[in-house]
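Below: one structure, written as C-alpha cells.
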Amino acid sequence: MKTDRFLSAAIFALALVFTFSCSSGGGSGGDGSAELSSSSKRQRSSSSLANSGGKSSSSVASSSSSVRSSSGNEQSYNYCIIAGNTCLTGPFTASTCNGQLSNSCPNGSSSSSSSSSSVASSSSSVLSSSSVASSSSVAVPSSSSKPSSSSSVASSSSLGCTAADNTSTRYCSNGTMKNYGFVTYEGQTYKTVVIGTQTWMAENLNYAVAGSECIDNSEANCNTYGRLYEWATAMALDASCNSSSCSGQIKPKHQGICPDGWHIPSDADWDVLMTAVGGASTAGKYLKAESGWSNGGNGEDKYGFAALPGGYDNAANTIHFYGVGNAGSWWSAIENNTYNAYFQSMSASQERAAKGNGAKNYWLYSVRCVQD
C-alpha cells in the first residue's frame, strides 16, 4: 500500500517536471521562431528592395545604354554645309546638322565652330531665307535678327557714300555711287540723275527765252540757279495762257521749253518723285543741295537732285527776286484754274516739300525737266 502511494507520487512528480520542462522549452522556442520569422521578413524585404533597386538601376542603365547606342550609331562628319556654301565646323551628325553633312568644305573655307545642334538649327533657319542667302558672304550670322536687318537695308549699300563724295561725273544716290547722265541743250550741258523709275535734270533749266529772267539780271546767277520763267513761257504757249485757261493745249507729257525727249513735270510726275524719296514730309531734306541754302537749311542731297534756292520773281516787279537762298519753286504743267497753275516748292526752314498754286500772269519760277 505504501509502496503504491510512493510510486504514484513519484510518477506525479516526474509528470510535473516533464510538463514544466516542455512548457519552458516550447516558450523559448516560440520566441526564437518569431524572432527568426521577423529577421527572415526583414531579409526578404531587403532582398526584395535590393532586387527592385537592381531592376530599376538596370532599367535606367539599359535606357542610358540605349541612348548611347542610338547616338553612337550615327556617323560623324567634319562639316555641316548650309545655304549651299557656308560651312559650319563640327563634328556634326544627322541629328545636329540641319544642312548637308560633309567631310570637306566646298568653298575652301569654313565658319567658326558650331557643334551645338540648336545653334546649327538657328543658323540654318536664318540662312534658309532667300533674302539672307543673297548676302551669303557673311560667314556666320550672330543672330537671326541681324541678317534680316542687313537684307532690309542692302539696297542702300549700308550708307556707303554721301553727297560729299560727288564729283563732276559721279553722284551718290541713296548710298550708292552712280554715273551722271548728260544732256546738251541750246549750248549748255546738264547733268541728269535717276531717282526710282524717273530720270531728272540735276540742274535748273537755263534756257534764255523771252519771258525769263536771271536773278538780279546776273548771268552768273543764271549759271548757278538757272532762269526764272512765266508759266506760259515754260510751257511754250502763247502769253495769253497766263490769263486764260489753256488746258486743252496741254499734252500728257508736255515738252514746253525742255529738250526733245523731256517735258515739264506734271503733278503726277512730282508725286512719283516724292514717293521715291520717302514722301513729301521729308523730300526737302533729301532733295535739297548740301550747300547754298541760308540759315542752316541745307539738305542731304541724298539722290543727286541738288535742289537750289533760286527764289522767285513777279511780272510786276513789286516783289523783285524774292527768296534767293531761302526758297526754291518749280512749275508744274497742270493748271489749277483759269488764272493759276501748280508748282512744287522747298524752303530753307523746312524738311518737307510742298505743292502750291500761283498766278500764271504774276509769278516767275524755276523749271526742272523730267525725261519722257
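Quick one: if the Förster radius is 30 Å, what FRET efficiency do D165 and A236 give, using the C-beta to C-beta distance and rounding to 0.05?
That pair, D165 with A236, gives E of 0.20.
Counting other Cβ atoms within 10 Å, keep those with at most 11, restrict to DSSP loop, and tell me which trypsin sites (Lys or Arg not before Pro) in region 294-372 are left.
Passing both the DSSP loop test and the Cβ count: no residue.
List the residues, sorted by chain then number, that are 5 or more residues from I334 or on another chain and whose placed amide H is less than 5 Å from its amide H.
Under 5 Å from the amide H of I334 lie the amide H atoms of D267, Y342, each far enough along the sequence or on another chain.
Among the aspartates and glutamates, which have Cα under 12 Å from the Cα of K191 when same-chain residues fewer than 8 positions away are ignored?
K191 reaches E203.
Cβ neighbours within 10 Å, averaged per peptide: list 261-270, 215-224 in order, most packed at the top.
Packing order, densest peptide first, comes out as 261-270, 215-224.
Could I have the simple spin-label model distance between N337 and A354, label points 7 Å from Cα toward Cβ, reported in nm to one decimal?
According to this spin-label approximation, the distance is 2.0 nm.
Around Y180, which amide H atoms from residues at least 5 apart in sequence, or from another chain, sit under 5 Å from its own amide H, with H modelled in the peptide plane?
Distant-sequence amide H within range of Y180: R170, Y171.
What does the charge count around L364 come to, taking other residues whose C-beta lies under 12 Å from its C-beta (Lys +1, Arg +1, Asp -1, Glu -1)?
Around L364, the charge tally is -1.
None of the figures in this text is laboratory data; all of them are computed from the coordinates on show. What you see is a predicted model; the values in this text were computed from it and never measured. All Cβ positions, even for glycine, are placed from backbone atoms using ideal geometry, and neighbour counts span all protein chains on display.
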